[in-house]
Each structure stands twice: as structure tokens, then as C-alpha cells.
1. So which residues in the range 124-150 are in contact (Cβ under 8 Å) with a residue 60 or more places away in the chain and surrounded by fewer than 21 Cβ atoms within 10 Å (Cβ to Cβ)?
2. Mind checking which residues of the range 159-187 are aliphatic (A, V, I, L, M) and buried (at least 18 other Cβ atoms within 10 Å of the Cβ)?
3. Name the residue that is nearest to Leu228 (Cα to Cα), counting only residues in the range 156-180 that are free of Cβ contacts under 8 Å to residues at least 60 places away in the same chain and within 13 Å of the chain's Cα centre (by Cα).
4. Name every residue in the range 131-165 that is polar (S, T, N, Q) and in a helix (DSSP H, G or I), in order of residue number.
5. Of all residues in the range 160-207, count the ones that are over 27 Å from Leu56 (Cβ atoms) and among the aromatic types (Phe, Trp, Tyr).
6. Out of the residues in the range 182-232 that are outside any helix (DSSP H, G or I) and of a type in the set (D, E, K, R), which is farthest from Leu55 (Cα to Cα)?
7. Residues Leu244, Leu251, Leu315, Leu294: which one is under 28 Å from Ala333 (Cα atoms) and crowded, with 16+ Cβ neighbours inside 10 Å?
8. Looking only at the range 196-207, count every residue that is closer than 21 Å to Trp283 by Cβ and surrounded by fewer than 19 Cβ atoms within 10 Å (Cβ to Cβ) and tell me the total.
Amino acid sequence: MDCPRPGDDIVPVPPVTTGAARRSRSECAAYHRFVPVPSRWWSTLPSPPVRALRLLAIVNVVAQCGITVTGSIVRVSESGLGCPTWPDCSGGSLVPVADPALGQLHQWIEFSNRLLGGVVGVVSVLVFLAALLARPHRRRPVLLALTMPLGVVLQAVIGGITVLTKLSWWTVCLHFLPSPGLVWLAVLLLKAIDEGDEPARPLIPRPLRALQLVMALDVAAVLVAGTLVTAAGPHAGDIHTPRLDFPVANLAQGHADIVFILVGMMTALGFALRITGGTAAIWRRYWIFVAVVLAQGALGLVQYFLGVPDLLVILHVLGATLVVAAMAALWCASRDRGPRPTETPVTTTAPEPAATA
């Protein structure tokens, strides 16, 4: 069997059934490290520079964080039903219309949030196209970038269900929870642009990786508990929306207890890194994570004792997304995938594959 050359229409994959086939397939793989096989149709399109892809990924992280903040503004301003239908805003119109019952201010606050959702969708599509067109073609960044537009579509659907159910508390919780997941994936995408495609090589011992995993799960539990506290609290998004019938004090205490567990594990991780050693990048991400978690915890206590003022609620939502982003950055810094592959091929004499009968 001969290896395919550039320009071949079909790239056969030899079945791995015999020793000779295995050797032939290995020789072909070595050969195509130097002589690439034609890629998909989009490989003929212009490739964006790495700097542009990186910039788009940064804008994507900011956009994914920002949409959670504007959502909190809709909630504390009681504008969740400013546009009482979906995808229209009101009265069969996509944009706000004069309505004395709805009020122009509430309509425009909700409509602005929807517009920003559209901007986030555009950014997510751009970052996906940039990852798809980037040279060399890399599977992991493309898959991570693909989750961005898919996540925006999912959020739009859940948002529509939330409006159509008149802001039922459980739909509002479901509407928020995908956003931190998209923030996490957006940070992973930003990291993937500047790293290689090798299998992840851990930079910390296995027990500390397990501790990081438990910390990430704890962060997710904190977010879920926080949505329940909000569901029972005063900020429903609309004054007529029924609330979660459970004592807010009990939910807030449970939320705080999960945060205390996170702080304990965070402290333990710091001492363990001190003993086992960590790279400068790991320590930078760790101290950023510590600062964000402590600031978020202090903000949560202050807003609780002050009666949950609107501004502190918005800042607390922003803090939640920053905690997720900081945890994702710490996660990425604890693993290494080698250097980013370059577009210029290595100029080395390619081994000639042996022909088989």
C-alpha cells in the first residue's frame, strides 16, 4: 500500500489487522508529518493570525461574563417581563413599543439585554470561524470554540422558556447556570490557542489534581446554591413572580457553608503547593483565585447584612463569574500540552514509505 500524496481525492486508512498493516500505517503517519494530506474545503480560505484569534477569545471571555451581569440588572430592576413575549418584545414587535402597562424603561432594559445576547452570539460565531480557519488546523480549539455558539443558542432557548413561564423561579435558575459553564469553556479556549495539542501533562501531583477537581465541583455547588438563595429572595425579576417557598436564611446559610468548604480546600491547596512546589504560572493563578474568592465571600456577607441592595447583587453576580474564570485559569495552569504548533512545516527529509503488496 502507498501513502496518499497531496492532491489525492481519497485518503485511504489501512485496516490494522496484520503486522505489515500496522507498520505501513506507522510509516504513513511519519511521512505525513512532512507532506500534509489535503484538508477540508475551508483550508483554502485565508487564515486569521494568531493575535486576532487570541483577541477574539479574550473578547469572548469578557462577553460571556458580561451577559451574566446584564442579566442581573434585568432582575434587580424588575424588568424580566419588560418584554412579555419571546422572541418578540411586545405586541408582535421585536423592539419595544409604547405601552403604559409595561413601561418603556422596563422594556428597554430587557430589550437591551436581548441585544447584548445577540452581540455575544456574533462574537461566539466569529471566534468559532477564526478557530476553524486557523492554520494549522487543530481539533481541540475548534471543538472548544464550537461550544460557544451552541451555548448561546441554548441560552436563548432557555431564556425564551423563562419568559413564557412568567419567570418561574426554577427556569430562572436554569437560565443562569449555563453561563458559568460557558465562562469556564471560554477560558479553556483562550488557553488552548497558545498551547500545544499533546496529551495534558500534569504539573502538580495526582492528589492535588484530585483536590482541584473537588474544588471545581464545589464552585459548581456554590453557584447552584446561590441561584436557590436568589429564587427565594426579593429579586424575582418581576413584582408578580412567585418565589421559592423556603426560608432565605436557611438557604443563605447552606450557601455560605459550601463557600467555607471551598475556602478550606483553597487553603489546603496553597500549603500543598508550598510543599510540593509549583510553577510561577500556577502560583499567579492561585493567588488570583484566592483574591477573587475572598472578595466574593466578603461581598456576599455584606450584601446579606445590608438587606441585599441592588448594586451589591450585580457585583456579586460579576464576582461569581470571576470565581469561575479564576478557577478555570488555575486548572489550565496546572497542566501542560506542549508548545503551540506553528504553521511553517518542519523542513526535514521525509522518510519514504515502503510499498507493500
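1. Leu126, Leu132, Leu133, Ala134, Arg135, Pro136, His137, Arg138
2. Looking only at the range 159-187, we keep the residues that are aliphatic (A, V, I, L, M), and these are 161, 163-164, 167, 172, 174, 177, 182-183, 185-187.
Matches in the range 159-187: Val163, Leu167, Val172, Leu182, Val183, Leu185, Ala186, Val187.
3. So, considering only residues that are free of Cβ contacts under 8 Å to residues at least 60 places away in the same chain and within 13 Å of the chain's Cα centre (by Cα), the one nearest to Leu228 (Cα to Cα) is Leu177.
4. Taking the range 131-165 and keeping what is polar (S, T, N, Q), we get 147, 155, 162, 165.
Within the range 131-165, Thr147, Gln155, Thr162 meet the criteria.
5. Total satisfying the criteria: 2.
6. Kept after step one, since they are outside any helix (DSSP H, G or I), are these residues of the range 182-232: 194-205.
Those left that are additionally of a type in the set (D, E, K, R): 194-195, 197-198, 201.
Details: Asp194: 12, Glu195: 15, Asp197: 20, Glu198: 23, Arg201: 26 Å.
Result: Arg201.
7. Numbers: Leu244 fails: under 28 Å from Ala333 (Cα atoms); Leu251 fails: under 28 Å from Ala333 (Cα atoms); Leu294 fails: crowded, with 16+ Cβ neighbours inside 10 Å.
Exactly one of Leu244, Leu251, Leu315, Leu294 is under 28 Å from Ala333 (Cα atoms) and crowded, with 16+ Cβ neighbours inside 10 Å, namely Leu315.
8. Taking the range 196-207 first, the residues closer than 21 Å to Trp283 by Cβ are 200-207.
Those still in the list that are surrounded by fewer than 19 Cβ atoms within 10 Å (Cβ to Cβ) too: 200-203, 205-207.
The qualifying residues number 7.
Bear in mind these aren't lab numbers, they're just calculated from the coordinates by the rules spelled out. Fair warning: this is a prediction, and the values are worked out from it, not measured in the lab. Glycine gets a Cβ as well: all are built from the backbone with ideal geometry, and neighbour counts include every protein chain shown.
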